[in-house]
Every structure is written in C-alpha cells, then in structure tokens.
Amino acid sequence: MNKNIFHILVVDDAEFGRCFITEVLKNHGFMNIDIAVDGLEGVEKLEQKPYDLVVSDIQMPRMDGYEFISKFKSDERHKHIPAIIISTLAKEEEKRKGFEAGADRYIVKSAFDKDTLLTAVESLIGSN
C-alpha cells in the first residue's frame, strides 16, 4: 500500500497530542498530514482540500470534537471521510456521543499506543 497517497487531518489543541499522532503516522509512511488546533480550524482545513481521514480530540476550545465531527459529517462533500476520536474521555456515554456524532473509531488515551492507532487507520483507509 502506498501510504503517500493518503491525506490525513489531525485535530487536537494539545501540542503533545498533535506531535505524537503525527510522528506515529509519519514513522509508518503516512507523509501527507495537516494539523488543526481545534474543530473550527479543522472545518476550515476541510474546506481547503480533500482528506482521506480525520483524527480528532474531543476537548478543545471554540469547537469541540463532537461538534466538529458532526458538522463535517453532515456535509455531503465530507460525510464519507472516516473519523477517529482519541480522547481521555472514557465513559460509555462519551463514547456513544462520539459515535452518534459520526466517529468511526473511538480510542481512549489511557489505552492508546501506536499499534492501536495504526490498526484503526489501516482498517479505515487501508483498503482505499
């Protein structure tokens, strides 16, 4: 699989989170990665170019991850884009809310590692 053909948007207000996710993806061949610091900037980025995958946090200023994913998934142009949530929020109610917003995967940060992320990414875009 040529991972260079995929465009990924990482949306997280925490610099550490953005950097860690980006490094894991780049170390495994995904080189076309853009970042946004909150959901509002994420929406702006989606208007500028097409993406194959979005990875988003939930707790962010201006527009949280639930609202961000719900907003872009409700747009006909973007609803096909898979979304992964990576969050510290671990309650079943919070996970349910993420899936209701349109997330395809929900990874809790306490159980997060590079293999979990890569498995989720490849299951969502690996067959494209």
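Among the residues making up the stretch 102-128, none is open to solvent by 60 Å² or more (accessible area, probe 1.4 Å) and touching a Gly at 6+ places or on another chain (Cβ under 6 Å). When the stretch 14-27 is filtered for residues that are buried (at least 16 other Cβ atoms within 10 Å of the Cβ) and either in contact with a helix residue (DSSP H, G or I) (Cβ under 9 Å, 6 or more places away or on another chain) or modelled with pLDDT of 95 or more (or both), the ones remaining, listed by number, are GLY17, PHE20, ILE21, THR22, VAL24, LEU25. The single condition among (1) more than 18 Å from VAL24 (Cβ to Cβ); (2) more than 13 Å from the chain's Cα centre (by Cα) that GLY98 does not satisfy is (2). Scanning the stretch 28-64 for residues that are in contact (Cβ under 8 Å) with a residue 40 or more places away in the chain and open to solvent by 30 Å² or more (accessible area, probe 1.4 Å) returns HIS28, LYS49, PRO50, ASP52, GLN59, PRO61.
Within the option set GLU67, GLU92, being free of Cβ contacts under 8 Å to residues at least 12 places away in the same chain, open to solvent by 90 Å² or more (accessible area, probe 1.4 Å) and of a type in the set (Asp, Glu) holds for one residue only, GLU92.
The values are calculated or read from the model by the stated rules, or taken from the named source; none is laboratory data. Being a predicted model, the structure only gives us computed values, none of them experimental. Every residue, glycine among them, receives a Cβ derived from its backbone with ideal geometry; neighbour counts consider all protein chains shown. The protein model used for the area step is the full one, side chains on, heavy atoms only, and it has no ligands, DNA or RNA in it. Shrake-Rupley method; radii C 1.70, N 1.55, O 1.52, S 1.80 Å.
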